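The values are calculated or read from the model by the stated rules, or taken from the named source; none is laboratory data. The structure displayed is predicted, hence computed values, not measured ones. Backbone-built Cβ (ideal geometry, glycine too); neighbour counts: all protein chains shown.
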Amino acid sequence: DGQFLLIHNLHADARFKNSVTHGNPIYKSWKQAAENGDAFAAKRHEDYQKRPAWELYNLEKDPWNMDNLAQSRPHRKQLETLKTALTRWMTQQGDLGDRTERSARERQVKR
């Protein structure tokens, strides 16, 4: 909505992997620091890989998306409003969530 960013992680039970987890120097430094007992680095490392089902960030106050407000009582109404809007938009687009994600390769151009 311009102020808040809503993220729905369809596979919150799985470990998140992408190019960052496969070799990014900053990510590697978190992992190494975590192995050496750095609690902040351990949290960053774990949070990057293990994501909750819903994330809500205030883009004006938290441009780096560090403070997930999805479980925050004062933001429940905002969360529900955005979930409803997202569901409506997904329906309009024909996005079936997990089913659409799993069939993405079928829609890619064959090279």
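Looking at Asp67, Asp47, Asp62, which is the one that is without any contact (Cβ under 8 Å) to a residue 40 or more places away in the chain and more than 14 Å from Phe4 (Cα to Cα)?
Within the list Asp67, Asp47, Asp62, the selection yields Asp47.
What's the number of the only condition in (1) touching a residue at least 40 places away in the same chain (Cβ under 8 Å); (2) out of contact with any strand residue (DSSP E or B) (no Cβ under 9 Å at 6 or more places or on another chain); (3) under 27 Å from Asp98 (Cβ atoms) that Lys83 fails to meet?
Lys83 satisfies every listed condition except (2).
List every residue pair whose Cβ atoms lie under 8 Å apart, where the two residues are 6 or more positions apart in sequence or sit on different chains, the first residue falls within the range 31-44 and is more than 18 Å from Asp67 (Cβ to Cβ), and the second residue, located anywhere, is loosely packed, with under 12 Cβ neighbours inside 10 Å and modelled with pLDDT of 95 or more.
Within 8 Å, no pair qualifies.
Can you name every residue in the range 74-111 that is at pLDDT 85 or above and charged (D, E, K, R)?
Selection gives Arg76, Lys77, Glu80, Lys83, Arg88, Asp95, Asp98, Arg99.
Show the residue pairs meeting these rules: Cβ distance below 9 Å; 6+ apart or different chains; first residue within the range 88-111 and among the β-branched types (Val, Ile, Thr); second residue modelled with pLDDT of 80 or more and surrounded by 10 or more Cβ atoms within 10 Å (Cβ to Cβ).
Matching pairs, first to second residue: Thr100/Met90.
Considering only residues of the range 96-111 that are in a loop (DSSP other than H, G, I, E, B) and of a type in the set (S, T, N, Q), which is farthest from Ala12 (Cα to Cα)?
Gln108
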